Amino acid sequence: MKATVEWDKDLSFTCTNERGDTLTLDGNKQVTSPMEAVLEAAGACSSVDVVEILKKGRFSLTGCRCELSATRADSPPQVFTKLHAHYIVSGEDLTEKAVERAVALSVDKYCSVMKMLEPSVEITTEFTLIQATS
């Protein structure tokens, strides 16, 4: 995996991955900041796992949203100290047990972003299950 980060102006940078996809990050928070991107990456990475695990279990999903909140240290480097992920999963015939298992497997085993944060960040999760009707 490779990427390039190039300074544009002020504290704005264009990030380009090896496929040519670009993302702008900004230290002044004019757009997504680098730390916001890390938080969003944790939610996206984990949500990919939750969706894949439930689909492999042959559940019919209609939605998966991950609402994240993080607390940062007061002094530099102001790393995350706590991260909370709330998954809102909807589908037909989903069970609490299946969603709980998918979230746990993601956070505890599969999500590489969460695992990188885990040694120094207190990670907590919860989920809400919404039964869709056909």
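What follows is calculated from the coordinates using simple rules that are stated; it is not laboratory data. Values in this document were obtained by computation on a predicted structure and should not be read as measured data. Cβ coordinates were reconstructed from backbone atoms using ideal geometry, including for glycine residues, and neighbour counts include every protein chain displayed.
Per DSSP helix of 4 or more residues, -39500 (n - 2.57); summed, then divided by the residues of the chain. What does that give at 222 nm, rounded to the nearest 500? Don't skip to the end; give the middle numbers.
Values: 3 runs with 39 residues, N = 134.
When only DSSP H runs of four or more count, the value is -9000 deg cm²/dmol.
Grab the other residues whose beta carbon is less than 15 angstrom from that of residue 58, score K and R as +1, D and E as -1, and report the net. Can you show the working numbers first?
On the way: positive: 55, 56, 97, 101; negative: 52, 92, 93.
So the environment of residue 58 carries a net charge of +1.
From the cross-link list 55/115; 9/115; 29/55, which pairs have alpha carbons spaced over 28 Å apart?
Numbers: 55/115 22 Å; 9/115 33 Å; 29/55 36 Å.
As for pairs spanning more than 28 Å Cα to Cα, those are 9/115; 29/55.
Rounded to two decimal places and with Rh computed the Kirkwood way over Cα pairs, what is Rg over Rh for the chain? Present the calculation step by step, with values, prior to reporting the outcome.
Working: Rg = 16.9 Å, Rh = 16.3 Å.
Checking Rg against Rh, the ratio lands at 1.04.
What residues of segment 102-128 lie in the reach of a label at residue 1, counting those whose backbone N is under 12 Å from a point 7 Å from the Cα along Cα→Cβ?
111-117
Relative contact order (percent) for segment 5-74, with alpha-carbon contacts under 8 angstrom and 6 or more residues of separation?
Details: 57 pairs, mean separation 12.0, N = 70.
Dividing the mean separation by the residue count of segment 5-74 yields 17 percent.
For residue 129 and residue 79 in the same chain, what is the full-extension length gain: residue separation times 0.36 nm, less their Cα-Cα distance, in nm? Can you show the working numbers first?
On the way: separation 50, 0.36 × 50 = 18.00 nm, distance 3.11 nm.
Contour length minus Cα-Cα distance gives 14.9 nm.
Below 13 angstrom from the Cβ of residue 101, what's the summed charge of the other residues (Lys, Arg +1; Asp, Glu -1)? Numbers along the way, then the final one.
Details: positive: 56, 97, 109; negative: 49, 52, 96, 100, 108.
With Lys, Arg at +1 and Asp, Glu at -1, the net is -2.
Sort out for me the Cα centre separation of segment 84-134 from segment 1-26, rounded to whole Å.
First find each Cα centre; the distance between them is then 30 Å.
Using a 7 Å offset from the Cα along the Cα-to-Cβ direction at both residue 21 and residue 35, what is the distance between the two label points in nm, to one decimal?
Going from the residue 21 label point to the residue 35 one covers 2.5 nm.
Under 8 Å for C-alpha pairs, at least 6 residues apart: give me the relative contact order for the chain, rounded to a whole percent. Before the final figure, lay out each step's value.
On the way: 222 pairs, mean separation 28.0, N = 134.
Here the relative contact order equals 21 percent.
Compute the helix-to-body angle for 34-56: its Cα long axis versus the longest principal axis of the chain, expressed 0 to 90° and rounded to tens.
20 degrees
Give, as a single signed number, the net charge of other residues whose beta carbon lies under 13 Å from the beta carbon of residue 69, with Lys and Arg counted +1 and Asp and Glu -1.
Numbers: positive: 72, 82; negative: 36, 40, 67, 122, 126.
Residues close to residue 69 contribute a combined charge of -3.
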